[in-house]
1. Can you pull out the strands (runs of 3 or more DSSP E) entirely within the stretch 17-115 that have at least 2 residues that are surrounded by 18 or more Cβ atoms within 10 Å (Cβ to Cβ)?
2. Being over 20 Å from the mean Cα position of the chain (by Cα) and surrounded by 19 or more Cβ atoms within 10 Å (Cβ to Cβ) is true for just one of 232, 240. Which residue is that?
3. Taking the stretch 270-283, which residues are touching a residue at least 40 places away in the same chain (Cβ under 8 Å) and within 14 Å of the ligand (Cβ to nearest atom)?
4. Given the criterion within 15 Å of the ligand (Cβ to nearest atom) and free of Cβ contacts under 8 Å to residues at least 12 places away in the same chain, identify the matching residue among 267, 201, 233, 224.
5. All but one of (1) within 9 Å of the ligand (Cβ to nearest atom); (2) in contact (Cβ under 8 Å) with a residue 24 or more places away in the chain; (3) more than 26 Å from residue 45 (Cβ to Cβ) hold for residue 206; which doesn't?
6. Would it be correct to say that residue 159 is without any contact (Cβ under 8 Å) to a residue 40 or more places away in the chain, buried (at least 17 other Cβ atoms within 10 Å of the Cβ), part of a strand (DSSP E or B) and touching a helix residue (DSSP H, G or I) at 6+ places or on another chain (Cβ under 7 Å)?
7. Output the number of residues of the stretch 6-16 satisfying the condition of being modelled with pLDDT under 95 and either at positive phi or not in a loop (DSSP other than H, G, I, E, B) (or both).
8. Can you tell me which residues in the stretch 126-156 are crowded, with 18+ Cβ neighbours inside 10 Å and outside any loop (DSSP other than H, G, I, E, B)?
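The values are calculated or read from the model by the stated rules, or taken from the named source; none is laboratory data. As the structure is a computational prediction, the values presented were derived from the model and not from experiment. For neighbour counting, all protein chains shown are included, and Cβ atoms are generated from backbone atoms with ideal geometry for every residue, glycine included.
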Ligand SMILES: NC(=O)c1ccc[n+]([C@@H]2O[C@H](COP(=O)([O-])OP(=O)(O)OC[C@H]3O[C@@H](n4cnc5c(N)ncnc54)[C@H](OP(=O)(O)O)[C@@H]3O)[C@@H](O)[C@H]2O)c1
């Protein structure tokens with residue numbers, strides 16, 4: 001399987017996102033705990049060495065499952081987390097963006113995953129519509145400075161940024177030496193192409209979230225797209241594999257972290273490393289699937 005770098009670390013391009021492991025709405029315990037543990041163990045058996053997580057998935061659920069399933073970790077496993085958010089008792093997603101909250105977010109991850117250092121941690125910014133009315137986030141400069149301090153203390157190998165505009169990515173490249181960007185992007189949502197271009201030019205990993213259109217209602221699902229389904233049928237693969245193979249073919253610096261709680265879906269997603277799209281397939285997807 002192809003690899004790409006996260007600063008000093010190298011990972012296989014097909015990784016795993018742990019957000020689908022907790023209960024519905026990424027809140028509370030998993031529907032099937034044994035299966036969640038089995039999915040994590042199988043991912044590693046199949047060669048996955050990059051797992052994306054967050055303390056606030058559950059909260060506390062994804063990280064505890066990862067530790068229970070996989071600790072002591074294989075030497076090459078890169079655990080990537082994110083800070084900047086928290087959950088309340090109802091499962092609402094709230095900002096936790098002050099430098100102090102970022103620091104305690106990293107420390108919570110270190111404790112729950114039982115590691116001395118995280119492979120990378122994304123500073124998860126909040127889009128304006130995600131902030132409570134009237135609330136302003138702390139200055140980006142101050143947030144990045146805290147992430148850099150955490151890296152200098154050895155708690156994080158690399159700093160990343162998530163849900164960031166091109167301007168914010170530029171600032172993070174210039175002042176924090178980031179190793180990755182995690183923004184939403186898929187065959188059906190290519191709004192972030194300018195950031196992807198910037199990452200490629202700078203040699204940074206671009207890790208799209210919602211690569212299949214997410215589990216949240218109201219967002220177009222890649223596996224349900226008619227053109228994707230037609231190409232999949234012709235190639236004898238699944239529609240999800242077509243969507244993921246398109247991302248792998250699109251740019252060499254794209255790393256995949258599809259999220260699933262299903263063993264069958266996990267196996268399909270990892271096998272995407274062997275799915276080859278022809279130039280004609282790509283043209284058909286790019287002209288047809290996005291309308
Ligand atoms: N930085 C951020 O703010 C942020 C935000 C969101 C997500 N993330 C990260 O990005 C990762 C990926 O995003 P995501 O999990 O939200 O969305 P996603 O990977 O686009 O889609 C997940 C959905 O696709 C389904 N699925 C997965 N594999 C499939 C397959 N082979 N065939 C059919 N359906 C399939 C899953 O259902 P099943 O469980 O039934 O397979 C789930 O409903 C997350 O796990 C998380 O680590 C980061």
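1. 50-52, 78-83, 85-87
2. Residue meeting the stated conditions: 232.
3. Across the stretch 270-283, the qualifying residues are 270, 272, 273, 275.
4. 233
5. That leaves (1) as the condition not met.
6. yes
7. Selection size over the stretch 6-16: 2.
8. If the condition is that a residue be crowded, with 18+ Cβ neighbours inside 10 Å and outside any loop (DSSP other than H, G, I, E, B), then 140, 143, 144, 146, 147, 150, 151, 156 are the ones that fit.
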